[in-house]
1. Among the strands (runs of 3 or more DSSP E) lying completely within segment A:172-288, list those that include at least 2 residues that are closer than 21 Å to A:ARG302 by Cα.
2. Residue under question is B:GLU169, and the condition is that it be in contact with a helix residue (DSSP H, G or I) (Cβ under 8 Å, 6 or more places away or on another chain), acidic (Asp, Glu) and surrounded by fewer than 17 Cβ atoms within 10 Å (Cβ to Cβ); does it hold?
3. Scan the helices (runs of 4 or more DSSP H) fully inside segment B:97-209 and keep the ones with 3 or more residues being over 26 Å from B:PRO239 (Cα atoms).
4. Condition first: within 11 Å of another protein chain (Cβ to nearest Cβ) and within 20 Å of B:PHE216 (Cα to Cα). Now tell me which residues in segment B:137-151 satisfy that.
5. Only one residue in B:LYS179, B:LYS133 is within 14 Å of chain A (Cβ to nearest Cβ), of a type in the set (Lys, Arg) and surrounded by fewer than 24 Cβ atoms within 10 Å (Cβ to Cβ), so which one is that?
6. Tell me yes or no: at least one residue of segment B:75-82 is under 25 Å from B:PHE11 (Cα atoms), more than 14 Å from every other protein chain (Cβ to nearest Cβ), touching a residue at least 40 places away in the same chain (Cβ under 8 Å) and assigned to a loop (DSSP other than H, G, I, E, B).
7. Mind checking which residues of segment A:180-196 are in contact with a strand residue (DSSP E or B) (Cβ under 8 Å, 6 or more places away or on another chain) and modelled with pLDDT of 95 or more?
8. Would you point out the residue of segment B:183-231, among those that are modelled with pLDDT under 95 and of a type in the set (Phe, Trp, Tyr), that is surrounded by the most Cβ atoms within 10 Å (Cβ to Cβ)?
Amino acid sequence: MVKTVRETIKFIVKDHLLKFNGLAFGQCLTAVGWVGGTLPELYEKEGMIELATSDVSNGGIVVGAGLMNKRPIYIIRYQGFNWYNCPMIINYACKSKEIWKVPCPIFIRSIGMEGGIGPVAGSSHHSLYYRMPGIKIASPMTPKEYLSVYKKFMKDDNVYYISEHRKSYDNSLELKDILNYNRLDIIIFAISITRFESLKAKKILNKKGIKVGIANILWLKPLKIKKLWLQALIKSKSGGIVIDDDYEDGVAKNIANDLSILSGKKIYTMGLKNRTAGFHSKVDNLPPSSTEISKKIFKILRFNLSKKK
Amino acid sequence: MKINKYELDVFKKASLCRNFELEVCNNLENNNIKFPVYLSAGQEYISASIAVIINNLNVEPLIFAQHRCHSVYLSFGGNIVSLIDELLGKKTGCTYGMGGSASIHSLKINMYGHDGHMGTQVPIAVGACFSSKKPTVVFIGDSAAEEDYVLAALGWASTKNLPIVFIVEDNNLSILTKKKVRRNWNIHDVAKSFKMKAFEIEDDSNQILNYQSFFFKKPLLLNIKTNRIFWHAGAGQDPGKKFDRYSDKLNKIGDQAFQIDKNNKKKIKKLWLKQLEKQ
């Protein structure tokens, strides 16, 4: 039977606790729903550790478990809660190997979602961690991707930030790069949940005769740029666009800069708009939709065309 | 004065710490040390007493501290030359030349480094204690005790009934701001409200010894009043005369103590000179 992302995560957590004697920490883990159905129904005696409602200290408690090489999984139910959870992870766990030669591996399951949940709980916040050394960041959206990231973590001794998204939990399909045209008009480099909307945008644009490529960014840090991406970028008519579920002034612009330097092409960006999200749909700040992506690409291509004329 | 083995063992450790810090002070003034240094002179009787008690209990605890931790490191048997090298920024230092004065680390004595945010060692120690089930001792200052994450971590340590000892070295100062300006509560009262055993005492080794029966059975917090000799950072001194536990014990113990003090002074000076010559 084909597994969804949700089932894959649940399987991984169960194995981590029961097979590898690991620990999973978080707030309200054993509540109804078990964090979107991604947790097995286990309790403290099996390693599922309920923390107090103290974002400021909980990150430190997990770091302590990391120092003892328990390879803790830390579940942060909304990525925005990292504002209070990340300081000790970033400033201690991520630096521990470099300063004290003591690895402090932690697998942070940081969960993004959006739509009516306001200025903190909404969207992805991987940019918070991105600027600091000693962290690896991945945003798996498929079952195989998730499993590959976890397996890598188990062979590694670094801190991993997993930028999850609730809307990917039902997905059971693998998403492949689509770079099969000889000369593309533009290539979308999509991150997190925007990968699904990017696919829809590609269909809209294809209908208008625009050749769009799709490159799926799984590893944000270290950024893994595939040879094929660069070859396609260099051959492309109008470069690329990085699309993210975090604010545009963050990871997206960093990656765009890296891609631009390597390819010599213009790389545009899209992400959350530079404003605070409210709760009502009229004032929300959602990741770029397929319509918005296709409009932006259309505008880029039209502008480039007019410049050539 | 007749002195028992415990008192003598504590004095020996305290003397090592005091003379080490005085020599660091000399090296600061001679510009041999090039970064901020946080001297623990004046407060060494706390770590010396705690280390002797724990040693007598035959326990090898996980140790967490923050800045002003040279005495913690030395009291628990940290290598002196490695600490000198650390303060000289050498790769042979106990923290590989990365830790400076504030982030002393040595796995040989189970002492974990500090990241620079005051009090973060408390939640980290609580997490380490919880997941390893190992006895753990954490040193903080009266200022770090005000950090919100410290308070929350105390609560969780109590909830989980961990074998952990929190030592608050209470010198009544945050840089130069006194405790009464910063808060109207006591950390031992807060700990008690978290259902922990908690006491406020002086940095006298005999007073500290009275609480050894509580060590590592359940969470314990000792707020120990003390005086620092030097400023928050560097070799400057606070104005006014303060009670100095070390001098008090030196005079009370007498000849034997003066001899230990003299020997330590000589030993430390020699070690510093040797390491400086290697520069």
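1. Working: elements: A:186-191, A:212-217, A:219-221, A:240-247, A:267-272.
Qualifying strands (runs of 3 or more DSSP E): A:186-191, A:212-217, A:240-247, A:267-272.
2. Working: in contact with a helix residue (DSSP H, G or I) (Cβ under 8 Å, 6 or more places away or on another chain): yes; acidic (Asp, Glu): yes; surrounded by fewer than 17 Cβ atoms within 10 Å (Cβ to Cβ): no.
Taking the combined requirement at face value, the residue does not satisfy it.
3. Values: elements: B:121-132, B:148-159, B:179-182, B:187-193, B:205-209.
Result: B:121-132, B:148-159, B:187-193, B:205-209.
4. Residues of segment B:137-151 that are within 11 Å of another protein chain (Cβ to nearest Cβ), as a first pass: B:138, B:147-151.
Selection gives B:VAL138, B:VAL150, B:LEU151.
5. B:LYS133
6. Checked segment B:75-82: no residue is under 25 Å from B:PHE11 (Cα atoms), more than 14 Å from every other protein chain (Cβ to nearest Cβ), touching a residue at least 40 places away in the same chain (Cβ under 8 Å) and assigned to a loop (DSSP other than H, G, I, E, B).
7. Across segment A:180-196, the qualifying residues are A:LEU184, A:ASP185, A:ILE186, A:ILE187, A:ILE188, A:PHE189, A:ALA190, A:ILE191, A:SER192, A:ILE193, A:THR194, A:ARG195.
8. Result: B:PHE230.
The values are calculated or read from the model by the stated rules, or taken from the named source; none is laboratory data. Predicted model only: the values in this text are computed from it and were never measured. A quick note on method: Cβ atoms are made from the backbone with ideal geometry, for glycine too, and the neighbour counts reach across all protein chains shown.
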